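Enquirer: Sharing a structure here in structure tokens format.
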Amino acid sequence: TAFLICQGLAYGGNLIGNALNNAISKTLGKEINNNVAELVSKSNPIIVFIIVGIIGPVIEELIFRRFIIDRIRPYGEVTAVLFSGITFGMFHGNFYQLFYAAALGMLFAFIYVRTKSLKYPVILHCALNCTSVLMQTVFGLMQSDQLTKITRLAFTGMYFALTLTLLAFSIIGLVKFSKAISKIYFLKNAYDMPKNKAFLYSCVNLGMILFTVTVLVEFALNIFR
């Protein structure tokens, strides 16, 4: 169920990100490239699966779930979940991934605070990234000039079959998410402090300011270079 919900949130967030990118592109009169997708499509699929599908998710979950949430959680689970998700979305440095990464980050964070186990977010993260890499790999193969026409046609059929399957998963996931919202709950703060103080303690500090500035520069470079 969590995997289906992840697919739904990723699909919805991806639509928002692409729409925003298209709006910015039309405003600036230039195309904003999806550098991550281009890098994945041009790299060795096996290496991409290892780095993007396994190593990356493990490291990101350690940082954005365990390290961040364990330190912010005493100020409130809502603050910890929102902070974990938003910073995870910002970390990707582009509008293509910002919204769906933030939504998935919040879901991973909620699962982590409820289960107190990192293995579930890691498994979900790896599964999603491996699925994305598989889609990019198949898409690249179906456009390859080095393959025969019949082979490219086979990969084309595989790509559209995967696309329709993931679309069905996304729709089911969004329906399940709408039904699961009522079951979401958060525990009260371990420290008795106003919500605005919890936000200040968590977000207004030198580390977070430097992170935000770095991310804004990355976004600007992605748009204007």
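Each reported figure results from applying straightforward, stated rules to the coordinates on display, with no laboratory input. Note that the structure is a prediction, hence the values are computed from the model and not measured. Here the Cβ positions follow ideal geometry from the backbone for every residue, glycine too, while neighbour counts run over all protein chains shown.
Enquirer: For region 89-216, compute the orientation-averaged projected area of the C-alpha convex hull (one quarter of its surface), in nm².
Expert: The Cα convex hull of region 89-216, projected and averaged over all directions, gives 11.3 nm².
Enquirer: Go through Lys116/Lys183; Lys42/Lys176; Lys119/Lys176; Lys116/Lys197; Lys26/Lys149 and tell me which ones have a Cα-Cα distance over 29 Å in this structure. Don't skip to the answer; put the middle values down first.
Expert: Details: Lys116/Lys183 17 Å; Lys42/Lys176 35 Å; Lys119/Lys176 22 Å; Lys116/Lys197 25 Å; Lys26/Lys149 36 Å.
Exceeds cut-off: Lys42/Lys176; Lys26/Lys149.
Enquirer: Continuing with this model, one more query. Take the Cα of Ile55, step 7 Å along the line toward its Cβ, and report every residue of region 110-128 whose backbone nitrogen sits under 19 Å from that point.
Expert: Under cut-off, by backbone N: 122-123, 125-128.
Enquirer: With label points built 7 Å along Cα→Cβ from the Cα atoms of Ile123 and Ile63, find their separation and express it in nm.
Expert: 2.5 nm
Enquirer: Along Cα→Cβ, 7 Å out, is where each label goes; now give me the distance between the ones at Ser144 and Leu221 in nm to one decimal.
Expert: Here the answer is 3.1 nm between the modelled labels.
Enquirer: Given Phe91, Ile54, Val78, which one lies farthest toward the positive end of the charge dipole of region 22-117, if we put +1 on the Cβ of every Lys and Arg and -1 on the Cβ of every Asp and Glu?
Expert: My answer, from the dipole projection, is Val78.
Enquirer: If you don't mind, there's one more thing I want to ask. Assign unit charges at the C-beta atoms only (+1 for Lys and Arg, -1 for Asp and Glu), then state the dipole size of region 1-135 relative to its Cα centre in Debye, rounded to the nearest 20. Before the final figure, lay out the partial values.
Expert: Values: 10 positive and 6 negative charges, 42 e Å.
The calculation lands at about 200 debye.
Enquirer: Shifting gears a bit: Please list the helices of the chain that count as membrane-span-like by this rule: a mean Kyte-Doolittle hydropathy of at least 1.6 together with Cα atoms stretching 24 Å or more along the helix axis, each helix being a complete DSSP H run.
Expert: Taking the DSSP H segments of the chain (at least 24 Å long, mean hydropathy at least 1.6), we get 206-224.
Enquirer: Please report, in Å, the Rg and the Dmax of region 11-166, where both are computed over Cα atoms only.
Expert: Cα-based Rg and Dmax for region 11-166 come out at 17.6, 59 Å.
Enquirer: Where the centre of each part is set by its Cα atoms, how far does region 70-146 sit from region 3-25, in angstrom?
Expert: 13 Å
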